[in-house]
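The structure under discussion appears below in the form of structure tokens.
The values are calculated or read from the model by the stated rules, or taken from the named source; none is laboratory data. Quantities reported herein were computed from a predicted structural model and do not represent experimental measurements. With ideal geometry, Cβ positions are generated from the backbone for all residues, glycine too; neighbour counts draw on all protein chains shown.
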Amino acid sequence: MVLDRKKSPDTHDAVEFDYKLPPIQTEKLENGLMLYWLDAGVQDVAQIDWVFPAGLWYEQKPSVAQAAAGLLKNGTSKYTAEQIHEALEFYGAQLKVSAGNDYATVTLYALTKHLPELLPMIREIITDAIFPEEEVEIHKHNAIQKLLVNLRQCEFVANQQIDAMLFGPSHPYGRYSRKENIEAITREDLVAFYRAHYNLAHVRMFMAGKVGAHEVKCVNDVFGNVALDPAEIKKDAFAIQSATDKSLRVNNDPNGVQGAIRIGRQFPNRHHPDYSPMVVLNTLFGGYFGSRLMSNIREEKGFTYGIYSSLSPDINGGSFIIHTETGRAVVDAAIKEVYHEMETLCNEPAPDDELLLVKNYLLGGLLGDLDGPFSILQRWRTLILNGFTEEYFNNNINIYKTVTAKELQLLAQKYFSKGDFYEVVVI
């Protein structure tokens, strides 16, 4: 068949496509641990995640969760920090450890052929980290220096303050690092937190890439014979104590010419029926480069290089926040325009062509995510950690495709009331 180059190919909107999340497989290891894995790669690489209930929610002392994550790979009974880093470099592997609000995650990226050599060392790191005193002191010094540098940046301070206003400075989602908190961390704090929360009995393991039965066996050979301690994880309850004053102005730099603006409110997490349609409304409002906020405040007014809104769903709550930096002289004008765009969405349903563009953008991005093993794994990880099944993913796709302008207008009227928002400006 000869290709007719004078005729353009057929085009289709993203909403016309079918979206199917590739299935994930499960394997129960010999000791009962569950491994979630999927073979979806073409390159001989793998990602393995070990997810622990070791985020900020679980720390008994401020800054300990992030310090424990930062120091986890800095020494075991068998390996020094230098030996660990040299081994990772030798095999061309990368090991990341991070602590979020709810979970801490150990992530290994490596060639699949090197997993038999790397996994025993990862087991050693997870089960026998010793937090050497000298490494703790180095980490504290570096963390304090990084914090002091960041505190000079208006956007960093604004991010701290908006979370504290929404949840309260003592709530895990509103708490932020302070110099005195980092200084007060001891090796004993880290060891106690590590033993309580990096417990393999409570781990969720995920693996993706060009993997199969051989790689699953490798994981089982190393982690399937670990004796598990079923001790319960202590999980405290925290009351949200939002700020009484909903507006905060911080003069961070008397000579500053730019202001960091954060406007936010609490918003339900993924379990609430309003969350999924809000993903569409957020995209329309400020979730991509062609959004209402961008079109008005960047393109038309020229107040900023970029302005975005985002949803941050956590296990025990969430938030909706608008982020931007503007010139000092136009801070108030930019804030006024943010509320103007909210009011417009409350009063007028979005035109059909604009809503179709938003849906195509949202679904088109999702289509790209479903093309790589690591992004597919991220989708599954989010579902599993939140207690969802594939049905939740399918329901979301249906909502993204079918939600109407009228439904989004009603949603805006419910959540875009100016009186519900907190404002932080840091200059």
> Does N296 fit the bill of being in contact with a His (Cβ under 8 Å, 6 or more places away or on another chain) and crowded, with 18+ Cβ neighbours inside 10 Å?
Replying inline: yes
> Of the residues Y36, Y58, Y19, which single one is assigned by TED's automatic domain parsing to the domain that holds S98, among the hydroxyl-bearing types (S, T, Y) and closer than 30 Å to H214 by Cα?
Replying inline: Y36
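Here is a yes/no grid of residues against (1) crowded, with 16+ Cβ neighbours inside 10 Å; (2) closer than 15 Å to V203 by Cβ; (3) modelled with pLDDT under 95:
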residue	(1), (2), (3)
E89	no, no, no
A93	yes, no, no
D102	yes, yes, no
L108	yes, yes, no
L111	yes, no, no
P120	no, no, no
> Which residues, counting only those in the stretch 86-109, are farther than 30 Å from R175 by Cα and of a type outside the set (G, A, S)?
Replying inline: E86, L88, E89, F90, Y91, Y109
> Going by the structure shown, is V330 free of Cβ contacts under 8 Å to residues at least 40 places away in the same chain and either part of a helix (DSSP H, G or I) or over 21 Å from the mean Cα position of the chain (by Cα) (or both)?
Replying inline: yes
> Name the pairs: first residue in the stretch 270-286 and modelled with pLDDT of 95 or more, second residue surrounded by 19 or more Cβ atoms within 10 Å (Cβ to Cβ) and basic (K, R), Cβ to Cβ under 6 Å, at least 6 apart or on different chains?
Replying inline: F285/R292
>> For the stretch 371-418, give me every one of the helices (runs of 4 or more DSSP H) that falls completely inside it and has 1 or more residues that are of a type in the set (A, V, I, L, M, F, W, C), over 30 Å from T344 (Cβ atoms) and at pLDDT 95 or above.
In response: 373-385, 390-402
> Listed residues E59, E30; which is out of contact with any Asp or Glu (no Cβ under 6 Å at 6 or more places or on another chain) and either more than 21 Å from V203 (Cβ to Cβ) or surrounded by fewer than 19 Cβ atoms within 10 Å (Cβ to Cβ) (or both)?
Replying inline: E30
> Looking only at the stretch 386-427, which residues are surrounded by fewer than 17 Cβ atoms within 10 Å (Cβ to Cβ), among the hydrophobic types (A, V, I, L, M, F, W, C) and within 30 Å of V45 (Cα to Cα)?
Replying inline: F388
>> Suppose we keep only residues that are under 14 Å from A110 (Cβ atoms) and out of contact with any strand residue (DSSP E or B) (no Cβ under 7 Å at 6 or more places or on another chain) within the stretch 215-229. Which one would you say is surrounded by the fewest Cβ atoms within 10 Å (Cβ to Cβ)?
In response: V222
> Can you name the strands (runs of 3 or more DSSP E) wholly within the stretch 198-271 that have at least 3 residues being farther than 30 Å from E337 by Cβ?
Replying inline: 204-209
> Of K61, K20, K96, K113, which residue is out of contact with any helix residue (DSSP H, G or I) (no Cβ under 6 Å at 6 or more places or on another chain) and closer than 27 Å to R195 by Cβ?
Replying inline: K96
> Among the numbered criteria (1) touching a Leu at 6+ places or on another chain (Cβ under 8 Å); (2) in the same structural domain as Y176 (by TED's automatic domain parsing); (3) assigned to a loop (DSSP other than H, G, I, E, B), which single criterion is violated by Q66?
Replying inline: (3)
> Residue check: is G256 on the phi > 0 side of the Ramachandran plot and touching a residue at least 60 places away in the same chain (Cβ under 8 Å)?
Replying inline: no
